[in-house]
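Below is one structure; the comments refer to it alone.
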């Protein structure tokens with residue numbers, strides 16, 4: 001029962017995010033659905049885990065992920081492709097996982 | 001739109017899906033849930049697109065093997081979380097692949113290999129061979145008890 005309610009709530013929040021994505025663009029841009037970038041679901045998982053699944057932590061982590069996304073968009077000036085945002089966010093999450101392991105355990109080479 | 005051309009196109013595009021699924025099957029029989037296979041496909045496709053038909057296939061196989069080897073090292077030896085690292089590797093594969101394939105992006109294919117529906121037949125043969133390996137040979141018998149999910 002509670003899992004059902006939790007999934008309903010998560011879908012509602014994601015729908016709100018989709019609405020904000022379209023409605024908060026600058027005036028004068030076209031309101032097309034082709035400029036809505038796909039792959040934001042994976043960004044969401046990364047931001048949720050980097051924030052340690054706490055709402056306030058996710059606040060800071062999603063700001064970081066959004067900053068990485070904007071950096072990658074602005075890197076198109078140098079000629080890099082648009083999907084390099086995925087690589088930046090993915091490497092941020094991989095380093096976060098490495099930090100989590102190094103915090104809990106200590107590596108011993110045999 | 002004739003039915004034969006749709007079926008042929010469906011068979012042609014089903015071959016990469018079948019090969020990736022076979023890779024995932026071996027992994028899950030061995031206890032590894034590799035969610036980074038999408039990044040492996042994208043990175044290997046980018047390498048194969050840059051290098052062309054003769055050497056691209058061998059280079060793509062080598063790149064996919066090395067990427068999975070990195071995933072195995074980080075998951076098994078360093079004990080990172082499998083699912084989250086798989087998602088991170090998917091995203092890294094997308095970014096690295098799109099960077100590698102940038103010189104050839106958007107250009108028409110120069111030398112395509114004229115295999116259409118036969119690619120699926122070759123992949124199906126590989127599936128049958130994999131079934132024989134997993135059930136009869138010694139390596140398959142050693143891999144199968146390591147599964148962490150309950151199978152049929």
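Where a number appears in this text, it was derived from the coordinates with a stated rule and is not lab data. Bear in mind that the values here come from a model prediction, so they are computed numbers and not experimental data. Ideal geometry is used to build each Cβ from the backbone, glycine not excepted, and the neighbour counts take in all protein chains shown.
Some observations on this one:
- Per residue of chain B, the DSSP helices (runs of n ≥ 4 H) give a summed -39500 (n - 2.57) that works out to -23500 deg cm²/dmol at 222 nm.
- Alpha-carbon centroid distance for the pair the stretch B:1-56 / the stretch A:73-110, whole angstrom: 25 Å
- With an a/c value of 1.5 or above and a/b not larger than b/c for the gyration tensor axes a ≥ b ≥ c computed over the alpha-carbon atoms, the protein assembly as shown is described as oblate.
- Overall form of chain B per C-alpha gyration tensor (a/c, 1.5; a/b vs b/c): oblate
- Inter-chain neighbour count for B:71-81: the average number of beta-carbon atoms from partner chains within 10 Å of each residue's beta-carbon is 2.
- Of the peptides A:62-69, B:42-49, B:53-60, the ranking by mean beta-carbon count within 10 Å, highest at the top, reads B:42-49, A:62-69, B:53-60.
- Gyration tensor (alpha-carbon) shape descriptor, the stretch B:22-83, a/c threshold 1.5: prolate
- Rounded to 10°, Cα long-axis angle of helix B:82-100 versus longest principal axis of chain B: 20 degrees
- Exposure proxy ranking for B:38, B:4, A:21, based on other Cβ atoms within 10 angstrom of each Cβ and starting from the fewest, stands as B:4, A:21, B:38.
- Springs between Cα atoms under 10 Å define the GNM used for chain B, and in it the highest mean-square fluctuation of B:133, B:83, B:41 occurs at B:133.
- Helix A:40-50 vs. chain A, principal-axis angle (Cα, 0 to 90°, nearest 10): 40 degrees
- A:5, A:83, A:50 arranged by Cβ crowding within 10 Å, fewest neighbours leading: A:5, A:83, A:50
- Shielding of peptide B:95-105 by partners, expressed as the average count of other chain Cβ atoms within 10 Å per residue Cβ, is 4.
- Fluctuation leader among B:26, B:132, B:100 - chain B, Gaussian network, Cα springs under 10 angstrom: B:132
- Sorting A:8-14, A:85-91 by their mean Cβ neighbour count within 10 Å, with the most densely packed peptide first, gives A:85-91, A:8-14.
- Mean partner shielding of peptide B:134-145, defined as the number of other chain Cβ atoms within 10 Å of each residue Cβ, is 0.
- Here the relative contact order of chain B, from alpha carbon pairs under 8 Å that lie six or more residues apart, stands at 37 percent.
- Remark: the residue B:72-residue B:144 segment gains 24.2 nm on full extension, using 0.36 nm per residue and subtracting the alpha carbon distance.
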